[in-house]
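Novice: Before we start, here is the structure in question, set down as structure tokens.
The values are calculated or read from the model by the stated rules, or taken from the named source; none is laboratory data. Given the structure is predicted, the values throughout are model-derived calculations rather than measurements. Using ideal geometry, Cβ is built from the backbone for each residue, glycine included, and neighbour counts are taken over all protein chains shown.
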Amino acid sequence: MPRLYRVLIGLGLLSVCGCNLNYYWHLARGQSRVVYKRIPVQVLLAQPNLAEQTRTQLELIQAILRYAESVGMKTDDHYTTFYDTGADPISWNVSACPPDRFSPYTWDFPFVGEVPYKGFFCRDLADEQRDALADAGYDAIVRPVSAYSTLGIFSDPILSSMLGYAPDQLADLLLHELTHALVYAPGQTDYNESLATFVGRQGSLLFLAQHFGTDTPLLQQAQARRADAALFRHFMAETVAALDSLYSLGLPRSVVLRDRQVVFARRQRDFALIRTQFTHNRYDGFLQWELNNARLLSYRRYNANLALFSAVYRARGQDLASALEIFAACAKEGDPWQCLRVTIEADEARNSS
């Protein structure tokens with residue numbers, strides 16, 4: 001795969017066609033700004049007046065990187081530099097979907113296939129793309145990006161926004177992005193993102209236990225967050241399934257657009273009944289969501305078939321390094337999901353014999 005295409009897919013910054021020179025120029029300027037304004041972490045750590053919280057987080061990141069290497073990830077010179085994003089996210093992603101079915105709008109690209117999002121370093125440009133898609137009749141959203149991976153092409157920097165993360169969230173984020181640098185299945189965005197979600201969440205728990213001890217309150221807090229995430233993931237799967245059932249009926253578009261509002265309003269009432277089961281309140285925003293297929297698909301993109309990754313992990317004796325080898329091997333297959341299923345069946349048959 002040519003270097004340029006790999007870089008762009010890693011950024012999530014793809015154009016609808018190769019002739020969009022203004023878009024590429026925008027990407028080049030944005031990435032160049034990141035590259036040339038980075039500061040080596042060791043330079044920061046050598047500053048005697050460095051804020052203690054910043055020093056603690058930077059040192060914690062070094063520990064996370066050592067853990068990543070211990071499970072087979074290639075850290076190279078990733079996260080050895082620091083980039084100040086200011087008050088803004090590092091970038092913004094645009095995604096879209098028809099309002100009457102779950103079929104993501106995609107940007108088709110040579111060598112990497114279809115990609116269901118397009119990224120921008122400038123919020124105004126992202127908003128323009130979202131509005132153009134909405135004017136064309138799509139559900140469309142703009143999402144802030146907390147970090148992105150260049151798939152090992154560039155040295156990914158620590159972003160200033162990361163310094164406010166709790167230890168488990170910081171480990172989750174870094175392991176998520178490092179997974180992209182290790183494993184990438186062209187044209188399989190759901191596989192890539194959901195795999196990174198699994199590795200980030202599972203790996204961060206393992207890191208906390210190793211680094212802080214199994215009795216640390218940080219681990220208990222992280223486990224509570226993971227339990228909340230699992231509960232919300234189950235709820236969202238049911239929500240998407242309910243809407244998908246409506247979309248599959250073949251009703252006129254006007255009827256679908258009317259009835260989907262009824263289905264979604266019911267799901268918001270259902271959420272209100274279970275909200276007390278959450279340890280934290282970070283999912284209460286669902287009650288204010290406007291129905292948007294692009295938003296629902298964006299969530300599912302990062303949470304698809306996590307049980308398959310978990311099953312491989314368990315079958316490999318809860319050895320994350322061994323599981324990562326399987327995930328990487330399956331990424332090279334035409335259908336990585338089926339590869340996982342076959343691997344699980346083979347492991348179960350071997351373990352039962």
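Novice: Between residues in region 168-197 that are on the phi > 0 side of the Ramachandran plot and residues that are of a type in the set (Gly, Ala, Ser), which pairs lie under 8 Å by C-beta distance while being six or more apart or on different chains?
Specialist: If the second residue must be of a type in the set (Gly, Ala, Ser), the pairs left are Gly187/Gly113.
Novice: Here is a follow-up. Kindly indicate the residue of region 80-103 that is over 18 Å from the mean Cα position of the chain (by Cα) and of a type in the set (Phe, Trp, Tyr) and also nearest to Arg300 (Cα to Cα) among those meeting that condition.
Specialist: Selected residue: Phe102.
Novice: Same structure again: Which is within 30 Å of Leu257 (Cα to Cα) and assigned by TED's automatic domain parsing to the domain that holds Leu21, of Asp139, Asp88, Asp84?
Specialist: Details: Asp88 fails: within 30 Å of Leu257 (Cα to Cα); Asp84 fails: within 30 Å of Leu257 (Cα to Cα).
Going through Asp139, Asp88, Asp84 in turn, just one is within 30 Å of Leu257 (Cα to Cα) and assigned by TED's automatic domain parsing to the domain that holds Leu21: Asp139.
Novice: So, one more: What's the total number of residues in region 85-100 that are in contact (Cβ under 8 Å) with a residue 24 or more places away in the chain, more than 14 Å from Asp135 (Cα to Cα) and outside any strand (DSSP E or B)?
Specialist: 6
Novice: Same structure, new question: List the number of the failed condition for Asp172; all other conditions in (1) in contact with a helix residue (DSSP H, G or I) (Cβ under 8 Å, 6 or more places away or on another chain); (2) surrounded by fewer than 24 Cβ atoms within 10 Å (Cβ to Cβ); (3) not hydroxyl-bearing (Ser, Thr, Tyr) hold.
Specialist: For Asp172, the exception is condition (2).
Novice: Also: Given Gly119, Gly213, which one is touching a residue at least 12 places away in the same chain (Cβ under 8 Å) and either in contact with a Ser or Thr (Cβ under 6 Å, 6 or more places away or on another chain) or not hydroxyl-bearing (Ser, Thr, Tyr) (or both)? It would help to see each step written out before you state the result.
Specialist: Details: Gly213 fails: touching a residue at least 12 places away in the same chain (Cβ under 8 Å).
After ruling out the rest, the residue left standing is Gly119.
Novice: Looking only at region 133-191, how many residues end up being over 17 Å from Tyr83 (Cα atoms), in a helix (DSSP H, G or I) and among the aliphatic types (A, V, I, L, M)?
Specialist: 7
Novice: Within the bounds of region 183-197, is there any residue that is more than 22 Å from Arg314 (Cα to Cα) and either touching an Asp or Glu at 6+ places or on another chain (Cβ under 7 Å) or at pLDDT 95 or above (or both)?
Specialist: Yes, because at least one residue in region 183-197 is more than 22 Å from Arg314 (Cα to Cα) and either touching an Asp or Glu at 6+ places or on another chain (Cβ under 7 Å) or at pLDDT 95 or above (or both).
Novice: Quickly run through region 195-228 and pick out the residues that are assigned to a helix (DSSP H, G or I) and small (Gly, Ala, Ser). Walk me through how you get there before you give the answer.
Specialist: As a first pass, look at region 195-228 and keep what is assigned to a helix (DSSP H, G or I): 195-212, 217-228.
Answer for region 195-228, where residues must be assigned to a helix (DSSP H, G or I) and small (Gly, Ala, Ser): Ala196, Gly200, Gly203, Ser204, Ala209, Ala222, Ala224, Ala227.
Novice: For region 209-224, does any single residue satisfy the condition of being buried (at least 16 other Cβ atoms within 10 Å of the Cβ) and within 21 Å of Leu296 (Cα to Cα)?
Specialist: no
Novice: In addition: Which of the residues belonging to region 55-84 are surrounded by fewer than 17 Cβ atoms within 10 Å (Cβ to Cβ), part of a loop (DSSP other than H, G, I, E, B) and either of a type outside the set (Gly, Ala, Ser) or touching a Cys at 6+ places or on another chain (Cβ under 7 Å) (or both)?
Specialist: Lys74, Asp76, Asp77, Asp84
Novice: Determine the pairs where a residue that is touching a residue at least 12 places away in the same chain (Cβ under 8 Å), located within region 231-255, has a partner that is among the basic types (Lys, Arg) with Cβ atoms under 7 Å apart, the partner being 6 or more residues away or on another chain.
Specialist: Thr239/Arg267; Val240/Arg300; Ala242/Arg267; Leu243/Arg260; Leu246/Arg260; Tyr247/Arg101
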